[in-house]
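One structure is given below, encoded as structure tokens.
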Amino acid sequence: MSPRAVIVGPPGSGKSTVGPLLAAALGVAFRDSDDDIVARAGRSIADIFADDGEPAFRALEEEAVATALAEHGGVLSLGGGAPLTPGTRARLAGHTVVFLNVGLAAGVRRTGLSSARPLLAGVNPRATFKKLLDERVPVYREVATVEVVTDERTPAEIVADLAARLAPAEAKE
């Protein structure tokens, strides 16, 4: 079994909003690797970061992503940092990976620079978000087979675009 689509992107790109809508449009189930981590660990991602540190979280995340890629046939949304680990990048090869790209202004507006997002907490969250984009966008592009800019687009517009692009070839004829 293989996911119909794997969604990656930075915080605020729309993974948690677009993912379930895309799954519904494609008639498949939705799964979020962050939810899997929380269920398995029995605590929030923010608590895992605070108590155990980012390396421990990334190890849990890599395991959760590997399991989901093997078990799930629908739309799978990954945490924003999941593709940063070499093991996850390698596992994404051969999958349909959708990169939801969001610019700095839209990303900052959408996240509200929430303290629930451990990597955006700090003295200058806007600068932190810019650094995160600078570091991660090349990685997202490396693993992606489809890229969609989400700035100034509604979730429905993004889903319609993706559903058309991900439709089986025979359905497009």
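What to note about this one:
- By the helix-only formula, in which each DSSP H run with n ≥ 4 contributes -39500 (n - 2.57) and the sum is divided by residues, the chain has a 222 nm mean residue ellipticity of -17000 deg cm²/dmol.
- Highest mean packing comes first when the peptides 44-53, 158-167 are listed by Cβ atoms within 10 Å, giving 158-167, 44-53.
- Residues of the chain: accessible area per residue with a 1.4 Å probe, Å²: 46 Å²
- Mean-position separation - Cα centroids, region 1-52 and region 67-101, in angstrom: 10 Å
- Remark: region 135-146, residue by residue, has Karplus-estimated 3J(HN,Hα) of 7, 8, 4, x, 5, 4, 5, 4, 8, 6, 9, 9 Hz, where x stands for each Gly or Pro and the curve is 6.51 cos²θ - 1.76 cosθ + 1.60 at θ = phi - 60°.
The values are calculated or read from the model by the stated rules, or taken from the named source; none is laboratory data. Here the structure is a predicted model, which is why all the values come from computation and not from measurement. FYI the Cβ positions are ideal-geometry reconstructions off the backbone, even for glycines, and counts take in every protein chain you see. Surface accessibility is based on the protein's heavy atoms, side chains included, excluding ligands, DNA and RNA. Shrake-Rupley method; radii C 1.70, N 1.55, O 1.52, S 1.80 Å.
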